[in-house]
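Reading through the structure tokens given below for one structure.
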Amino acid sequence: MPDYTREELERMRITMEGESALDRMKRKSREEPLVPAGVALTCFALVAATVGVRTGNRAYANNMFRLRVAAQGFTIFAMVGGSLYYTYKEKQAKLAAEKSITPAPTKEEQ
């Protein structure tokens, strides 16, 4: 029986049993931890900008709106970067699997 990594076992379990929305959020947060951080920072900046507008502090509100835009940019950058990273990681895993399956050339073939 082949030895499976923890990640492979988790994917098999999800395939067999299905996945709840909360489980999916937890899994995605573990896979790409910078995205939830960016979302939290965006929400904070939006709430702070709203407070600034309500209190009449225009300079504070404008700074928070700028922070919100920067946080949204960070979040998108984290999503794209994480996607590229995991695509690269999967490609490397496939290459490693193909190398382990391919038989070594014999002396006659060399």
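Helix 21-31 and the longest principal axis of the C-alpha atoms of the chain enclose an angle of approximately 80°. Charging the Cβ of each Asp and Glu at -1 and of each Lys and Arg at +1, and nothing else, the dipole of the chain about its Cα centre rounds to 780 debye.
Across the options 73, 88, 57, the greatest Cα extent toward the positive end of the charge dipole of the chain (unit charges at beta carbon of Lys, Arg, Asp, Glu) belongs to 57.
Ordering 14, 101 from the fewest to the most neighbouring beta carbons within 10 Å gives 101, 14. Rounded to the nearest 10 degrees, the inclination of helix 34-55 to the longest alpha-carbon principal axis of the chain is 10 degrees. Where a ≥ b ≥ c are the square roots of the eigenvalues of the C-alpha gyration tensor, would you call the chain rounded, which needs a/c under 1.5, or, failing that, prolate if a/b is larger than b/c, or oblate? Taking the square roots of the gyration eigenvalues as a ≥ b ≥ c, the chain is oblate. Our helix-only sum for the chain, with -39,500 (n - 2.57) per DSSP H run of n ≥ 4 divided by its residues, gives a mean residue ellipticity at 222 nm of -28500 deg cm²/dmol. Seen against the Cα atoms of the chain and their longest principal axis, helix 58-101 is set at about 0 degrees. For the stretch 1-99, the relative contact order is 26 percent, taking Cα pairs closer than 8 Å that sit 6 or more residues apart in sequence and dividing their mean separation by the residue count.
Summing charges over all other residues whose Cβ lies under 13 Å from the Cβ of residue 92, with Lys and Arg as +1 and Asp and Glu as -1, gives +2. For the stretch 34-99, just say rounded, prolate or oblate: build the C-alpha gyration tensor, square-root its eigenvalues into a ≥ b ≥ c, call rounded for a/c under 1.5, and beyond that prolate if a/b exceeds b/c, oblate if not. Because a/c hits 1.5 or more and a/b exceeds b/c, the stretch 34-99 counts as prolate.
All of the numbers you see were taken from the coordinates with simple rules; none came from a lab. Computed from a prediction, not measured in an experiment: that's the story for all the values here. FYI the Cβ positions are ideal-geometry reconstructions off the backbone, even for glycines, and counts take in every protein chain you see.
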